[in-house]
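Worksheet for the structure shown next.
The values are calculated or read from the model by the stated rules, or taken from the named source; none is laboratory data. Because the structure is predicted, anything quoted here is derived from the model rather than measured. A quick note on method: Cβ atoms are made from the backbone with ideal geometry, for glycine too, and the neighbour counts reach across all protein chains shown. Side chains included, ligands, DNA and RNA excluded: accessible areas come from the protein's heavy atoms. Shrake-Rupley method; radii C 1.70, N 1.55, O 1.52, S 1.80 Å.
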Amino acid sequence: MIGYARPFVVAASVVGVMALSAPVYGQTDFDVWAAAVSGNLDTLQRALDAGVDPDAREPNGATPLNVAAMFGQTDLVRFLIEKEAALDVQNNDGATALHVAALFGHPEAVTALLGAGAAADLRNNDGLTPLDLVADPWSTELGGLYQFLGAACQMDLDIDRIRDIRPEVRAILQSAG
């Protein structure tokens, strides 16, 4: 059984993007990070049309694809895939878009990423694959860790939704090999 705290290392590193008002380096007209969080396709489209790199990184190494996947913005995930965003970019802690989509319980994003060829076997800096992050059965302790994460990062996590969807995410990842 994977230690319950270990998956949250990934989340904590990705949540470094919570400095969402930080502009992409050299670009101040478009807030791609806020667009990725909120699902604002128009802003993201205008940013890319203006030359913002779809693989731009915020200080913790996350790309717009990582952020869109983390927040379950599947339309943006698909859009970024179409724009040839790199699927397997790892943030500073080794988490990919697939890691965070799995951890935060977004099966549509997981499916889109896998369908586009995202590597399900990449390991983060703790040696965990996306499947490892959702492999443990739900417990009170795991629920508490999600609550802590949501509070610490000022994210409005729907813990019941995450609990209920984890088996579906796990099954999708297991079928990917």
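Summary of values
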| read-out | value |
| --- | --- |
| Close pairs (6 angstrom Cβ cut-off, 6 or more residues apart or separate chains): free of Cβ contacts under 8 Å to residues at least 40 places away in the same chain in segment 107-120, assigned to a helix (DSSP H, G or I) and open to solvent by less than 10 Å² (accessible area, probe 1.4 Å) anywhere | A112/V77; A118/L98 |
| Selection within segment 46-91 - at pLDDT 95 or above and polar (S, T, N, Q) | T63, N66, Q73, T74, Q90, N91 |
| Residue count, segment 53-75 (criterion: assigned to a helix (DSSP H, G or I) and of a type outside the set (S, T, Y)) | 8 |
| One residue from A95, A102, A86 being open to solvent by 10 Å² or more (accessible area, probe 1.4 Å) and not aromatic (F, W, Y) | A86 |
| Matching residues, segment 86-113, being of a type in the set (A, V, I, L, M) and assigned to a helix (DSSP H, G or I) | A97, L98, V100, A101, A102, L103, A109, V110, A112, L113 |
| In segment 124-147, the residues that are touching a residue at least 40 places away in the same chain (Cβ under 8 Å) and not in a loop (DSSP other than H, G, I, E, B) | P130, L131, D132, L133, E141, L142, L145 |
| Residue in segment 43-52 that is nearest to Q90 (Cα to Cα), counting only those that are in a loop (DSSP other than H, G, I, E, B) and aliphatic (A, V, I, L, M) | V52 |
| Residues of segment 76-85 satisfying the condition of being part of a loop (DSSP other than H, G, I, E, B) and farther than 22 Å from V169 by Cβ | K83, E84 |
| Output for segment 107-159, where each listed residue is β-branched (V, I, T) and open to solvent by less than 20 Å² (accessible area, probe 1.4 Å) | V110, T129, V134 |
